[in-house]
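Let me begin by presenting the structure, written as structure tokens, before commenting on it.
The values are calculated or read from the model by the stated rules, or taken from the named source; none is laboratory data. Here the structure is a predicted model, which means the values were calculated and not measured. Ideal geometry is used to build each Cβ from the backbone, glycine not excepted, and the neighbour counts take in all protein chains shown. Ligands, DNA and RNA are excluded from the accessible area calculation, which covers all protein heavy atoms including side chains. Shrake-Rupley method; radii C 1.70, N 1.55, O 1.52, S 1.80 Å.
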Amino acid sequence: QVQLVESGGGLVQAGDSLRLSCAASGRTFSSSAIAWFRQATGKEREFVAAISWSAGSPYYADSVKGRFTISRDNAKNTVDLQMNSLKPEDSAVYYCAARYLAARTRSNEYNYWGQGTQVTVSS
């Protein structure tokens with residue numbers, strides 16, 4: 001099993017940057033794909049970015065491509081999401097999620113979830 005805890009959220013202005021971190025515990029982390037999803041108030045949860053267990057080519061939603069970067073450090077059991085050029089529409093609760101081996105973009109393919117961290121971008 002994998003336990004996940006997100007951190008790094010906060011209130012920023014449009015154009016600012018934030019770095020979210022997902023700390024994982026559990027002996028299967030190094031063989032887990034990790035993804036970030038987000039859910040804005042009144043909207044469905046949506047895919048943001050994902051990285052496989054081997055840190056191969058990551059996946060990004062079109063809405064964040066070129067602005068967000070996902071990375072992992074298996075030695076530290078962490079996956080970070082660097083978010084640059086933030087926009088008000090990026091405001092949401094951000095969740096990290098884990099599944100075995102390969103990254104996927106659908107939330108129902110992930111078995112483990114963190115509690116989420118709030119990101120608010122003011123205009």
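Convex hull volume of the C-alpha atoms in the chain, normalised per residue: 87 Å³. Remark: the chain carries 52 Å² of accessible area per residue (probe radius 1.4 Å; ligands, DNA and RNA excluded).
Cross-link reach is defined here as a Cα-Cα straight distance under 29 Å, omitting same-chain residues fewer than 8 places apart; for K87 the lysines meeting it are K43, K65. Counting protein heavy atoms only, the chain has 45 percent of its accessible area on carbon and sulfur, 1.4 angstrom probe.
Projected label points at Q39 and A14, each 7 Å from Cα along the beta carbon direction, are separated by 2.7 nanometres.
Averaging 1/r over every pair of different alpha carbons in the range 68-117 and inverting the result gives a Kirkwood radius of 12.6 Å.
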